[in-house]
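Asker: Provided herewith is a single structure, encoded as structure tokens, for subsequent inquiry.
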Amino acid sequence: MRGLKRRICIVGSGTAGLQLAYALKEEFDVTVIHHRSSEQIRNGRVRSTQVHFGTTRMNENRFAMPKWDEQTLIESIHISIGDQKLFTGMLKEPALSVDQRLYFSRCMEDLAEKGVSFQLKKVVREDIEALTDEFDLIIDCTGKSGSLMSFPIEEELSPFQTPQRKCIVGYFLGIKTNTPQGIGVTVLPELGEMFEIPAITEHGPVTILFIMSIPNSDLDVFQGIRKAEEFTLKMRTTTQKFFPEIHKRIEERKFALCDEQGFLQTAVTPVIRKPYLTVKNKLVVGCGDSVFLNDPITGQGCNLSSYCAEKLYETLIECKDSAWNIQVGESYWNRTKQFVKEVTEWTNAMTLPLPEHIIQLLLQGAQSQTKANDIAEWFADPRKAYQAFFLATTI
Ligand SMILES: Cc1cc2nc3c(=O)[nH]c(=O)nc-3n(C[C@H](O)[C@H](O)[C@H](O)COP(=O)(O)OP(=O)(O)OC[C@H]3O[C@@H](n4cnc5c(N)ncnc54)[C@H](O)[C@@H]3O)c2cc1C
């Protein structure tokens, strides 16, 4: 009907759902259904780490999302193999990591003030048909616990049946930051990796220590740890044994989790799905981890979610006044497919032993600042990493 805005239902209030709500709210009547309130999210457990690189931060600006204190800007990436520091690559555009508990809850409160409707409810598959009666479009943004719908698996992009890493994350106080302020990546061949990420939380700046251990390797040492104090103690001994450079920067008396809920253990089996289907002739699309779930090893989940949210927004704006049917879903997939493929194949390759030509490139990074900066850009623009890994041209 003319004059009435088309109604969109976004299920899930995470990275993808929130950016989409900001992007779509002017042109459409947007409802977000989520199963935890902003208060519960704010006071709940960390679910992830997150780094929003330049392009994601540009999208956040484009869609007028909340601004953050920039004292913890990430300007560089420090790369080490074992205890050998190779180089520090500078990012062209600084990145930022805001605790998702703070980021999500603030965005939800802001969006509600700006007229977006929120419904607190856990959606189950059986609800979808009724939702298709009520809304013109449903977007599944339920993250890695999704998908709500049986989006078809893209077999070629989904080679793994089990998680390739165990993810062990703690948000810590009492670690002196590395300089220039940046992400630390330490690769321990046959054991796993450590990512050190400066981040903003409700408690101020913290350092995230994120261990990715190869299951059953000597770094797989956090099994059975449930309590915050035990976790902190284990992190202390693990850094001492495996990551001595980080251990040296730990300030004995101040080293602690930023809050009791500031730690997490999880594991992800990556799977990529075609992000659209129809239910009762209505289009349903997926965005974010519900359809494009990668291992966190390359830290691309938020950036991929943001990229796909932007492409979905552009598709819907282009078809604003025409039917939302299977062709619209196909158009969204066509715009995202290549990027999803490149991020996914690079990420999957990073879970395997590094190929010789990549080790050579990393060693060149130790000799040349230009090469070091190019390698840092892999994380900001994963297409460059894909090129380096698979097209074997110069980076
Ligand atoms: C350990 C770990 C470390 C990571 N590190 C990084 C990193 O460094 N950099 C990076 O970019 N990415 C990282 N990621 C990935 C990143 O967190 C995700 O890719 C990103 O948050 C995906 O956004 P999303 O909106 O798809 O899902 P989420 O942000 O998970 O949001 C999903 C939302 O849906 C809600 N929901 C779920 N089911 C339902 C339901 N049935 N009904 C209603 N609501 C529902 C959830 O409560 C949640 O609010 C990491 C992930 C993990 C697990």
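Asker: Mean shadow of region 166-266, computed from the convex hull of its alpha carbons, in nm²?
Answerer: 6.0
Asker: How far apart, in nanometres, would the label points at L354 and E245 be if each is projected 7 angstrom from Cα along the Cα-to-Cβ direction?
Answerer: Distance between the two pseudo-spin positions: 1.1 nm.
Asker: Sorting check: for 82-89, 193-200, 350-357, which peptide has the highest mean count of neighbouring beta carbons within 10 Å, and how do the rest follow?
Answerer: Top to bottom by mean Cβ count within 10 Å: 193-200, 82-89, 350-357.
Asker: Could you tell me the extents of region 317-372's C-alpha atoms along the three principal axes, largest first, rounded to whole Å?
Answerer: Between the extreme Cα coordinates on each principal axis of region 317-372 lie 55, 25, 12 Å.
Asker: What's the extension gain from K121 to E314 if we count 0.36 nm per residue and subtract their Cα-Cα distance?
Answerer: Contour length minus Cα-Cα distance gives 66.7 nm.
Asker: Could you list the chymotrypsin sites (Phe, Trp or Tyr not before Pro) in region 96-191 that lie in coil according to DSSP, counting only those with at most 14 other Cβ atoms within 10 Å of their Cβ?
Answerer: Those that pass, being in a loop and sparsely packed, are F160.
Asker: State the Kirkwood hydrodynamic radius of region 1-63 in Å, one decimal place, computed from all pairs of distinct Cα atoms.
Answerer: Mean inverse Cα-Cα distance, inverted, gives 13.5 Å.
Asker: So which DSSP H runs in the chain come out at 15 Å plus along the axis (Cα) with average Kyte-Doolittle of at least 0.0?
Answerer: Helix filter hits for the chain: 356-367.
Asker: Work out, in µm²/s and without decimals, the Stokes-Einstein translational diffusion coefficient of region 200-316 at 4 °C, 1.567 mPa s, Rh from Kirkwood over C-alpha pairs.
Answerer: Using the Kirkwood radius from Cα pairs, D works out to 74 µm²/s.
Asker: Consider all pairwise Cα distances in the chain and report the whole-number % of them above 37 Å.
Answerer: In whole percent, the long-distance tail amounts to 20.
Asker: Can you tally the net charge around D220? Count Lys and Arg as +1, Asp and Glu as -1, for every other residue whose Cβ sits under 15 Å from the Cβ of D220.
Answerer: Value of the local net charge: +1.
Asker: Any chance you could list P(r) for region 255-303, counting all Cα-Cα pairs in 5 angstrom bins from zero, rounded to whole %?
Answerer: That works out to 5, 15, 18, 15, 15, 12, 9, 6, 3, 2, 1, 0, in percent per bin.
Asker: Just to confirm the filter: which trypsin sites (Lys or Arg not before Pro) across region 9-64 are DSSP coil and have at most 14 other Cβ within 10 angstrom of their Cβ?
Answerer: R45
Asker: Of all accessible surface on region 27-118 at a 1.4 Å probe, what whole percent is carbon and sulfur?
Answerer: 46
Asker: Another one. If you keep only loop residues by DSSP, which GluC sites (Glu not before Pro) in region 22-130 have at most 15 other Cβ atoms within 10 Å of their Cβ?
Answerer: E26, E27
Asker: Based solely on its DSSP helices, what 222 nm [θ] is calculated for the chain when runs of n ≥ 4 H residues each add -39,500 (n - 2.57) and the sum is averaged over all residues, nearest 500 deg cm²/dmol?
Answerer: Taking each H run of at least 4 residues, the total per residue is -10500 deg cm²/dmol.
Asker: What accessible area per residue comes out for region 206-294, rounded to a whole number of Å², with a 1.4 Å probe?
Answerer: Result: 45 Å² of accessible area for each residue.
The values are calculated or read from the model by the stated rules, or taken from the named source; none is laboratory data. These figures come from a predicted structure and were not determined experimentally. No Cβ is skipped: glycine too gets one built from the backbone with ideal geometry, and neighbour counts run over all protein chains shown. Each accessible area value is taken on the protein alone, full model and side chains, heavy atoms only, with ligands, DNA and RNA left out. Shrake-Rupley method; radii C 1.70, N 1.55, O 1.52, S 1.80 Å.
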